[in-house]
Structure formats: structure tokens, C-alpha cells
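Participant: One structure follows; several queries about it will come next.
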Amino acid sequence: MNEHKLLEEIERYLNGEMSPEERLQFEALCKQDTAIGNKLAEHRLFAKTMKQYSDRLALESRLAAIHEEIDVHTLAEELMIHPSWIVQLWRNHHSKISVAASIAIFAILGTLFLSGSFANHDNKYIELRREVGNLQRKTESLNQKVAQNASRTNRDVMDRYRGTGFAITANGLIATAYHVINDADSVYVENAAGKSFKADVLYTEPENDIAILRIADNSFKNLSPIPYTFKKGESDLAEFVYTLGYPQDSPHYDDGKLTSTMGLNGDSLDYQISVTINPGNSGGPLMDSRGNVIGVVKAKETQMEGVHFAVKTSYLLAAINNIPADSLTKKISLNTKNTLAGLSTVQQVKKLKNYVFMVRVYGGK
Amino acid sequence: MNKELKGPIPTDSEVILGILNNSESVLNRLYIAYFPMVLQLIINNNGTADDAKDIYQEAIIILYNKIKAGDFELSSKLKTFIYSVCRRLWLKRLSQMNRYGGDIRDFEDYSPVEDDEVDKQNELAIQFTKMESALQLLGEPCKTIMEDFYIHNRSMQDICERFGYTNADNAKTQKYKCLQRLKKLFFQQK
């Protein structure tokens, strides 16, 4: 029996086209020959799938035909829930929107971080603070410069810093600014006549920028009585003030007004004055018109024009009182008799000159 | 669309009887009655009208086959059954496309549909794709002869005339040759 014949027989059998005798005969044949039996099973499966497939195709085409009759587009329009445009925008573009938002946030945070705005909420305030910080740094460096003074006019290459000091007692106690003698190995004071005396640092108050020197030189003879007094109270705004100092090798005079009773950043330690202060003026006396010492010249503000500082005398007096008794040979008695009061400024300065010293500082950092 | 087809929504038992009796009009009314519901489900859940058509037809075929096989028990409303099957199919399709966001907007009640219902349908679908591609691979004229005979149920005589065979025996021989090749192609496919 060839293949075609067999297939035909199988189809006839499955379609029920055989007579009962033929069926029996065929079934017997299948049992007898397993190869034919397998072929029958295989064809039965195939035919079944084929039938289902054709049924499915028929059903699908029927459904497709029905579907054709429906106006899907109109129906879809009706049934579509139309969310508000913003929701739609979000749905369609949420990934892009998210990315954009993250970048924006990142950029803003980055900018804020880089510009330092995170350090403080109030932008102006921090700016101000920084400025103040800068000013302080600048005043410090100015103090250094002040102390350094120009070495070109220096006779002694070894002296590093220069400042000014003034006598507080006739026996050789000199007041100056702490930053002038800071880190000093040795200190010399030089009077207006150009005579130099070795001095010790007797006492310092770095927080108030005050230092007290004592002339420890055998060649030093006591000064004549101090002509000026120290004003205990606070001076008034707009008062005429002047100073004498050694920004150069010779005594230098300058005057101005007391512009504020508060120092840098509201510091009650200092006065603000409009006297022009130059490097080397530090430690000099700030005088009022009646010949009272009202302060110790301290520093200059580099950011603003004409703003200079002097430590108030009350702090100087306090410092003098704080000098340990055992470091003194005899008790300090400050002059209470002002002999400058009635004199003109020119006459005052002429007298004052003898009590103002140039402070030379050697060594140190 | 004629009036008869546009009749009222058929009752559930009407549908079952109608399908068992191969009623064209019942199938029509059934299809038209529930399509909007499914369309609404799909287009409001990231789908298109074409997706809705595919899903709905698949669901109708599942229903149709179940009724024909005689194992359809109406445990809930027919509407709920169709909606649930479509919902299940659509969720499956969405996750295949990686478009499933985790939630679906529902418009009707639904009851859980057993997975094997859908899986059985998948099994069949695989067989049908096999058959389809086997027919494609078969080439002409075999493909047309096979389709005419087995799908369109044409007689050997018809086929004989269409292809200009001189006698029915020649046509028969040709048919068997084609059938054998088709079977080979079908069973070879994995």
C-alpha cells in the first residue's frame, strides 16, 4: 500500500466514509501494524488542528465583519475619559518632565551651594559678615605693615617692626599697641632727639591691643613731669583729636575728629577717628584739644576711606591697674596735673614731642 | 447595519442557545452589545482601538469555544465574564509590553478568571500559528488546494476545475502530495 493510498484510507476512516466491514478491517490493520497506527494518530491530531484552525478563521472573519459595522472611532471618542490638559500633559510627558525637574533642582541646589547661600539664610547678612571678616584680616595685615614700617629708611637692617609709644610715667613706662611688640625678641625706644634706649615688655593685654614697656637702660634719665593727663571718661562725638607718631623717622602730626564712639563692628573697645593713620602710627597717643590722652592709636580700616581706630583710654588705665604689683619697683602714680590744657595745639605738640617715642622691634617672626 | 442586527442586548441564555445553534444574529448582537464596554476599558488604560478589537475578539472566541465545548457554566453575568476575561488579557498584554504601571482603571465589576482559561487559549493560538506558517511555507498551488479543501470545504471536483487538472485522480494525487508536505511542515515546527 503506497503512502497516498494509505492517507486516503485514513481520511475515509476518519470521515466515516467506510462501510462497517472496511472499518473493522482497517482497525485490525492498525493494530497489527504499529506504523500505520501511528500514522492514523498523527493524522487525527493534524486533522483536528486543521479543523479548529479553519473554524477559528471562519469565526474570526465573522467577528471582523461584525466589527466593521461598528463606528469605533466615534465610540472611542465618546468613551475616552478626557482628563484635564495638565493631567494629559503629565501622562504623555511625565518622564521628560521628571528629568527636567531633577536637572532644574540640581542646578538650583548647585548654584546655591556654590554661591554659599546655604551657609546662612540671609544673604546680605553673610555678605556683611564676610566683609567684616575681610576687614579684620586686612586690619591685621595692616597692623603687621604698620609694625614693619619701611626698611628703606632704616638705619638698622635688623629692626623689623616699628611703632610709636608714649610715656605714662616720668620714670620710663611707655604705653604702645600690643601688635607693635608682638613676637619681639628685643625692643628699643627712641626719643625725638634720636637717642635709643633698651626696653622690656612689662605687661601686655593682647585682647585690648595694649602693651606697657619699661625702659631698662642705664643711660635713661627720668623725664620731666608728664604734661598730659589720661581721660577716664568717654569723649564725645565730633571732638577735635590729634596724634603724634613715627610713621617716618621724624615725629609726624595729624589731626581730625572723633567720628564714632564705637569701633569696627560696634566694638566698644575703640573710637573711630578721622585722623589719617599710617604704618608706624600704631601705639601713639590720641589727644584731645585740652591735652588729654583719650586713646591709643591702633589701626586703619582699608575698606572705607578715613576710618581709623584708637583704643579708648579707659582700657589703657585698666591695663595699667592690672600690671602685677611684684613686677613694679614702685607704685605707678599717673599724672593728674594737665599742663597742656591752655596751650595751642602747636605748643602742645612741641611739649608732647618729648614724651612720644619711636618703638623699634627686633627679631620675632 | 440592518435593524435585525441592531436588536436589543441579548439575554445571557439567549446568547448561549444562539451560539450553540450557530445563530448569526445572536453573535452579532452579542458582539455589538459589549464592545463599547471593552473599548472603554482598553483605551482608558494605555490601549488603542485596535488593541481593544484584538482583546475583545479573543475574549469572544474564548466564550464561543467554551459554549461550543459545552463546559460553560454561567456563574456570573455574561457581561462580567467578558469584562473579566478582557481585563485579564489586557493586563497580560500590558505587562508583556512593559507598559503596565501597576494599576488599572476599572469601569465594571469583575470576577477573577482562572489562568488556565487563558493558557488553554494560548496553547491553541500556538497551534494555529504553526498551521499558518506551515501553510505559508507550503507555497502555491499546494496552499490554495489545502485551503480550498480543508478550510473552505470545496469538493474535489471544484478544485479539479479550478486548477485545470484533467481528471479527479490527478487532483487527488496532487492533494495527497500537498497534504503530506503540509503535515511534515506542521509537525516539524517546534
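Participant: For segment B:53-94, which positions are among the small types (Gly, Ala, Ser) and modelled with pLDDT of 85 or more?
Facilitator: B:Ala59, B:Ser84
Participant: With the requirement that a residue be surrounded by 19 or more Cβ atoms within 10 Å (Cβ to Cβ), more than 9 Å from chain A (Cβ to nearest Cβ) and more than 23 Å from A:Arg56 (Cα to Cα), what does segment B:42-77 give you?
Facilitator: Listed by number, the residues that qualify are B:Ile42, B:Asn45, B:Gly47.
Participant: Identify, please: which residue in segment A:66-84 is surrounded by 13 or more Cβ atoms within 10 Å (Cβ to Cβ), more than 60 Å from the chain's Cα centre (by Cα) and not β-branched (Val, Ile, Thr) and is, among those, modelled with the highest pLDDT?
Facilitator: A:His67
Participant: Could you list, in sequence order, all residues of segment A:44-64 that are closer than 18 Å to A:His4 by Cα and either acidic (Asp, Glu) or facing another protein chain (nearest Cβ under 7 Å) (or both)?
Facilitator: A:Phe46
Participant: Take the residues in segment B:133-190 that are crowded, with 19+ Cβ neighbours inside 10 Å and of a type in the set (D, E, K, R), then tell me which one is farthest from the other protein chains (Cβ to nearest Cβ).
Facilitator: B:Asp148
Participant: Restricting to segment B:17-31, and then to whatever is assigned to a helix (DSSP H, G or I) and surrounded by fewer than 19 Cβ atoms within 10 Å (Cβ to Cβ), can you tell me which residue is nearest to the other protein chains (Cβ to nearest Cβ)?
Facilitator: Only one residue tops the list, namely B:Glu24.
Participant: Given the conditions (1) modelled with pLDDT under 85; (2) of a type in the set (Lys, Arg); (3) assigned to a helix (DSSP H, G or I), which single one is not true for A:Lys330?
Facilitator: If we test A:Lys330 against (1) modelled with pLDDT under 85; (2) of a type in the set (Lys, Arg); (3) assigned to a helix (DSSP H, G or I), just (3) comes out false.
Participant: Of all helices (runs of 4 or more DSSP H) completely enclosed by segment B:102-190, which ones contain at least 3 residues that are in contact with a Phe, Trp or Tyr (Cβ under 7 Å, 6 or more places away or on another chain) and more than 25 Å from A:Leu45 (Cβ to Cβ)?
Facilitator: none
Participant: Here's something else I'd like to know. For segment B:52-92, give me the residue count where each residue is assigned to a helix (DSSP H, G or I), of a type in the set (S, T, N, Q) and under 16 Å from B:Val15 (Cα atoms).
Facilitator: Qualifying residue count, segment B:52-92: 3.
Participant: List every residue pair whose Cβ atoms lie under 9 Å apart, where the two residues are 6 or more positions apart in sequence or sit on different chains, the first residue falls within segment B:148-165 and is of a type in the set (Val, Ile, Thr), and the second residue, located anywhere, is assigned to a loop (DSSP other than H, G, I, E, B).
Facilitator: B:Ile159/B:Tyr165
Participant: Also, I was wondering about something else. Would you mind telling me which numbered condition in (1) closer than 23 Å to B:Ile151 by Cα; (2) touching a Phe, Trp or Tyr at 6+ places or on another chain (Cβ under 8 Å) A:Ile97 fails?
Facilitator: Here A:Ile97 clears every test but (1).
Participant: Output the qualifying pairs, or none if there are none: Cβ atoms under 7 angstrom, residues six or more apart or on different chains, first residue in segment B:130-147 and in contact (Cβ under 8 Å) with a residue 12 or more places away in the chain, second residue hydroxyl-bearing (Ser, Thr, Tyr).
Facilitator: Partner pairs satisfying both residue conditions: B:Met131/A:Thr49; B:Met131/A:Tyr53.
Participant: Out of (1) modelled with pLDDT of 85 or more; (2) surrounded by fewer than 21 Cβ atoms within 10 Å (Cβ to Cβ); (3) over 15 Å from A:Leu352 (Cα atoms), the odd one out for A:Val297 is which?
Facilitator: It is condition (2) that A:Val297 fails.
Participant: Starting from residues that are assigned to a strand (DSSP E or B) and polar (S, T, N, Q), keep the ones in segment A:185-204 and report whichever is nearest to the chain's Cα centre (by Cα).
Facilitator: Among residues in segment A:185-204 that are assigned to a strand (DSSP E or B) and polar (S, T, N, Q), the one nearest to the chain's Cα centre (by Cα) is A:Thr204.
Participant: Checking the condition acidic (Asp, Glu) and under 30 Å from B:Ala33 (Cα atoms), which residue from B:Asp148, B:Asp169, B:Asp103 passes?
Facilitator: Of the residues listed, the single one that is acidic (Asp, Glu) and under 30 Å from B:Ala33 (Cα atoms) is B:Asp103.
The values are calculated or read from the model by the stated rules, or taken from the named source; none is laboratory data. Model, not experiment: these values are computed from the prediction. We place every Cβ from the backbone using ideal geometry, glycine too, and count neighbours over all the protein chains shown.
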